[in-house]
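First up is the structure itself, then whatever we jot down about it.
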Amino acid sequence: MTAQHILQVALQLFSEKGYDATTLADIATEIGIKKPSIYAHYPSKMHLFLVIVDAVKQDYRTCWLQALEKSASLPADVRLDAIFLWVSTYLINNREKLSFLVRLWLFPPADCANDALLPFDELNVELTAEIAAIFEQGMDDGIFQSGLPEEMSHAYFCVLDGYLVRVIRYPELDYKKALSIIWKSFMLSPQQR
């Protein structure tokens, strides 16, 4: 048994049942060990949870940074589309992390909501600014409707968040078709350009 194995099982159970409904005994049983063995690696359920929060946040941030870097040379509209596809595909292919994130964002543990959400709030500020800059470039280039880039960035994240929740709820959703419809709401028509 390793600390990493404990993390994997805990992530699975926190994703499925949430923090409050998962006990260290549940994690130990799933692994096939006694509960006190977990304490050799993690002093408490909360500590274990916050280690997972940090790991998931780091993976999520890395995904975003890769998407931003790989799309840097694209026109704003194509870039936002590519980033959306990159991030959503990553999360669709890592459904445990997606479920964990959705549970965390919507139903954080009451006894550590600030500790669990603060790192994501900081990351959100960073990513919102990055996406706002892309919208601003797209408006300067006449690709997007006029507006406030930061508000458009928040709308972008609302669409992404809603899209990912629908992926969880409706796994049969035609993701690519839905994506093409989403972009039309941001774009100027060819007559408006």
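Looking at 41, 5, which one is touching a residue at least 24 places away in the same chain (Cβ under 8 Å) and part of a loop (DSSP other than H, G, I, E, B)?
Numbers: 5 fails: part of a loop (DSSP other than H, G, I, E, B).
Checking each option against the conditions leaves just 41.
Hey, could you check the stretch 13-24 for residues that are part of a loop (DSSP other than H, G, I, E, B) and touching a residue at least 12 places away in the same chain (Cβ under 8 Å) and say which is farthest from residue 101 (Cα to Cα)?
Going residue by residue through the stretch 13-24, those that are part of a loop (DSSP other than H, G, I, E, B) are 18-23.
Next, only the ones that are touching a residue at least 12 places away in the same chain (Cβ under 8 Å) stay: 18-20, 22-23.
Working: 18: 10, 19: 12, 20: 15, 22: 16, 23: 19 Å.
Once the filter is applied, the top-ranked residue is 23.
From (1) free of Cβ contacts under 8 Å to residues at least 40 places away in the same chain; (2) at positive phi, pick out the condition that doesn't hold for residue 142.
Of everything listed in (1) free of Cβ contacts under 8 Å to residues at least 40 places away in the same chain; (2) at positive phi, residue 142 misses just condition (1).
Condition check: surrounded by 14 or more Cβ atoms within 10 Å (Cβ to Cβ) and touching a residue at least 24 places away in the same chain (Cβ under 8 Å). Does residue 27 satisfy that?
no
For the stretch 134-149, which residues satisfy the criterion of being surrounded by 15 or more Cβ atoms within 10 Å (Cβ to Cβ) and modelled with pLDDT of 90 or more?
134, 135, 136, 137, 138, 139, 149
The values are calculated or read from the model by the stated rules, or taken from the named source; none is laboratory data. Every value quoted in this text rests on a predicted model; they were computed, and no experiment measured them. Virtual Cβ from ideal backbone geometry, glycine too; neighbours counted across all protein chains shown.
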